[in-house]
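What follows is one structure encoded as structure tokens, with my remarks underneath.
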Amino acid sequence: MAEVILKDEHDMLRPGLGRLKGKVAIVTGANSGIGRATSRLFAREGAKVVCCDIQETISPRIDQLIKEKENGDAVFALCDVTKQEDLDKAVKTAVDTFGKVDILYNNAGAGIRKKIHEHTDEEWNFVLNTNLNAMYRGAKAVMPTFIKQGHGNMVTTASTFGLLASAEYPGYCATKAAIINLTREMAIDYGPLGIRVNCVCPGAIETPRFRGFPPRPTLGEGMTDEQRKRMGASNKALLRMGRPEEIAYGVLFLVSDEATFVTGHALVVDGGQTIAV
Ligand SMILES: NC(=O)c1ccc[n+]([C@@H]2O[C@H](COP(=O)([O-])OP(=O)(O)OC[C@H]3O[C@@H](n4cnc5c(N)ncnc54)[C@H](O)[C@@H]3O)[C@@H](O)[C@H]2O)c1
């Protein structure tokens with residue numbers, strides 16, 4: 001029988017260079033898409049990772065993937081970023097298991113595509129809670145530890161839709177813009193204490209984006225070729241969708257010791273989406 005060779009889901013990751021050796025990272029939205037690729041890259045670069053997600057149905061779960069493929073150290077924390085106690089627990093897990101927290105990648109997010117007058121209050125609050133309020137909750141959970149340590153590094157995930165508007169996406173566009181300026185504000189407050197805060201703004205990236213509203217625990221049907229082509233064309237210079245690994249490398253730069261003078265920055269990784277009308 002012919003051997004079946006499965007393609008690695010993150011085949012754009014390069015060999016690790018030890019850029020996060022000795023660091024401990026927490027990643028939210030770690031079991032899918034951008035958070036999954038970033039958690040794996042962090043581990044490949046030597047970090048121990050607390051992988052937080054509200055769902056664990058993807059197999060292998062990210063902590064198992066890290067152990068199996070990266071021979072790395074990771075734990076999974078079932079965590080809803082809309083709940084303060086879950087984020088507090090994730091920080092405690094990092095400190096109890098690995099002794100400290102160097103990095104928080106505040107990444108989980110969601111959106112609902114409809115016009116504002118079509119939103120129910122429940123839908124509107126879902127987007128605000130999952131995107132903007134979760135940044136507040138993640139920061140609130142980790143900052144006391146960062147301050148005590150005298151160092152720390154946070155990255156938030158905004159979007160190019162925090163810089164541009166996209167039709168029928170009011171809550172998403174509003175919260176992503178707010179995340180960019182909240183990032184700058186936190187950089188000012190915590191910079192003097194040795195803490196850097198930056199933000200990544202991805203363009204159209206091919207990820208499952210599967211939870212929707214009401215949130216589903218399972219993967220959707222995936223993207224059609226037509227959707228992929230349309231979204232790829234929105235990245236105007238490279239004319240293709242990005243890969244989660246390509247965002248992960250941007251985040252890695254921001255949290256690494258190669259970016260010690262970078263703070264309050266919104267790093268756009270978008271294949272040229274925002275350079276032309
Ligand atoms: N994919 C894109 O094109 C794109 C573009 C710009 C920005 N982003 C942003 O990147 C981030 C990651 O998106 P993705 O494309 O990887 O999506 P994804 O759906 O593949 O992954 C998101 C992960 O977050 C988790 N999550 C959702 N709600 C949560 C909650 N309340 N608590 C904990 N975990 C929760 C999901 O279970 C999932 O594992 C989001 O903030 C998104 O807005 C994505």
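Data table
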item: Selection count where residues are assigned to a loop (DSSP other than H, G, I, E, B), within 15 Å of Glu168 (Cα to Cα) and of a type outside the set (D, E, K, R), scope the stretch 104-146; result: 5
item: Some residue of the stretch 213-236 being among the acidic types (Asp, Glu), at pLDDT below 95 and within 11 Å of the ligand (Cβ to nearest atom); result: no
item: Meets criteria (in contact (Cβ under 8 Å) with a residue 24 or more places away in the chain, surrounded by fewer than 24 Cβ atoms within 10 Å (Cβ to Cβ), closer than 21 Å to Ala248 by Cβ and touching a strand residue (DSSP E or B) at 6+ places or on another chain (Cβ under 7 Å)) for Thr156; result: no
item: Positions within the stretch 255-277 being farther than 19 Å from Leu163 by Cα, of a type in the set (A, V, I, L, M, F, W, C) and touching a residue at least 40 places away in the same chain (Cβ under 8 Å), in sequence order; result: Val255, Ala259, Val262
item: Hey, Pro208 within 14 Å of the ligand (Cβ to nearest atom), touching a residue at least 12 places away in the same chain (Cβ under 8 Å), within 13 Å of Ile34 (Cβ to Cβ) and part of a loop (DSSP other than H, G, I, E, B) or not; result: yes
item: From the options Val49, Val101, residue that is part of a loop (DSSP other than H, G, I, E, B), buried (at least 24 other Cβ atoms within 10 Å of the Cβ) and at pLDDT 95 or above; result: Val101
item: Considering residues of the stretch 163-182 that are part of a helix (DSSP H, G or I) and hydroxyl-bearing (Ser, Thr, Tyr) only, the residue farthest from the ligand (Cβ to nearest atom); result: Thr175
item: Residue under evaluation Arg44, criteria (1) within 16 Å of the ligand (Cβ to nearest atom); (2) without any contact (Cβ under 8 Å) to a residue 40 or more places away in the chain; (3) crowded, with 21+ Cβ neighbours inside 10 Å; (4) of a type in the set (Lys, Arg), criterion not met; result: (1)
item: Test: residue in the stretch 183-202 that is within 21 Å of Ile54 (Cβ to Cβ) and assigned to a strand (DSSP E or B); result: yes
item: Residues of the stretch 63-98 satisfying the condition of being within 16 Å of the ligand (Cβ to nearest atom), among the polar types (S, T, N, Q) and either crowded, with 24+ Cβ neighbours inside 10 Å or in contact (Cβ under 8 Å) with a residue 40 or more places away in the chain (or both); result: Thr82, Gln84, Thr93
item: Hits in the stretch 226-254 (condition: touching a residue at least 12 places away in the same chain (Cβ under 8 Å), part of a helix (DSSP H, G or I) and of a type outside the set (Asp, Glu)); result: Arg228, Met231, Gly232, Pro244, Ile247, Ala248, Tyr249, Gly250, Val251, Leu252, Phe253, Leu254
item: Single condition Asp63 does not satisfy, out of (1) part of a loop (DSSP other than H, G, I, E, B); (2) within 16 Å of the chain's Cα centre (by Cα); (3) acidic (Asp, Glu); result: (1)
item: Evaluation of Ile34 against (1) within 8 Å of the ligand (Cβ to nearest atom); (2) of a type outside the set (Phe, Trp, Tyr); (3) over 19 Å from Asn129 (Cα atoms); (4) surrounded by fewer than 24 Cβ atoms within 10 Å (Cβ to Cβ) (one fails), failing number; result: (4)
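The values are calculated or read from the model by the stated rules, or taken from the named source; none is laboratory data. As the structure is a prediction and not an experimental result, all values here were calculated from the model. Because the Cβ atoms are built from the backbone with ideal geometry, glycine has one as well, and the counts that use them run over all protein chains shown.
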